[in-house]
1. I want to verify a result. In a Gaussian network model of the chain, Cα cutoff 10 Å, which of these has the top mean-square fluctuation: Leu28, Leu91, Leu39?
2. Considering only Ile113, Ile143, Ile21, give the residue with the highest GNM mean-square fluctuation for the chain, with springs between Cα atoms whenever their separation is below 10 Å.
3. Could you pull out the chymotrypsin sites (Phe, Trp or Tyr not before Pro) across segment 1-55 that fall in loop regions by DSSP (anything but H, G, I, E, B) with no more than 12 other Cβ atoms inside 10 Å?
4. Over the chain, with the other protein chains present, what is the accessible area per residue in square angstrom, probe 1.4 angstrom?
5. Using only the alpha carbons of the chain, determine the length spanned along each of the three principal axes and report them from longest to shortest in whole angstroms.
6. How long is segment 1-132 along each principal axis, judged by its Cα atoms, biggest number first, in Å?
7. Can you give me the % of accessible surface on the chain that is carbon or sulfur? Probe 1.4 Å, all protein chains present, nothing else counted.
8. Using only the Cα atoms of segment 136-203, each taken as one equal point scatterer with no solvent, compute I(q) by the Debye sum, divide by I(0), and report log10 of the ratio at q = 0.20, 0.22, 0.26 Å⁻¹.
Amino acid sequence: MKWQSILSWLISIFIPFFLIITAVRLLLNPLFLQIEYHLPTFPPDPYGFTTQDRLYWAEISLDYLLNSAGIEFLSEQRFADGSPLYNGRELKHMLDVKMLVQSILVVWYILLIFLVISFLAAKRGKWTTGYWRSLERGGWLTIGLILLILISVALSFNTLFTAFHRVFFEGESWIFRYSDTLIRLFPMRFWQDAFTYMGVIALLLGGITAVCGHYLAHRSSKT
């Protein structure tokens, strides 16, 4: 049926977004900060933050992105000398980042609900084989997309990083001085590693989805 074909392709198209957001959500975790900051190749802060300082303030920043608090959650944070954790420009960017993160997570839940409902519809309509093939296609699409991203990271991460920020943020609101807290906590190396880890995780998820989809489609076609 035509609607089944349309739904099947929608599933395949949405799978890469679902898996990439899943990878991002897995990295929005204090464990990632622990791993990243303790890498022997991670650059030290030239302005004096220790690894423990970075972990402390980065975990607070991560908490802000995931909780329901307003920007005062960060604006009230102070260093031992009483100076603010972030200046006004940094606070504005963190607010923008929080809105982006929260929106992405909403999209993740919507896609999850869509995939579950689609599966139930496939089961009820007796086209589960088509559903599993859609997942297989989606897995391969994910692998192709992630390989392009990883190649971009390897060839010119700065170009990819700049393009990403120009798409999701206004003007030059994301550009800061090297002495600003955001850069001291999250230097370019942090983001290069984050993109790489996200790509590797999504690549693995895409491979698992493709293999499982192929196996389940083959098994379903036999019954």
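The values are calculated or read from the model by the stated rules, or taken from the named source; none is laboratory data. Small disclaimer: the values here were computed from a predicted structure and weren't measured. Here Cβ is always computed from backbone atoms with ideal geometry, including for glycine, and neighbour counts include all displayed protein chains. Quick note on the areas: whole protein, heavy atoms, side chains included, nothing else; ligands and nucleic acids left out. Shrake-Rupley method; radii C 1.70, N 1.55, O 1.52, S 1.80 Å.
1. Leu39
2. Maximum fluctuation in the GNM of the chain, among the listed residues, is at Ile113.
3. Loop-located and lightly packed - Tyr47.
4. Numbers: 12810 Å² over 223 residues.
Using a 1.4 Å probe on heavy atoms only, each residue of the chain averages 57 Å².
5. Per principal axis, max minus min of the Cα coordinates gives 69, 35, 31 Å.
6. Ordered largest first, segment 1-132 gives principal extents of 68, 34, 19 Å.
7. Whole-percent figure for carbon plus sulfur exposure: 68.
8. Reported log10 I(q)/I(0), two decimals: -0.89, -1.00, -1.18.
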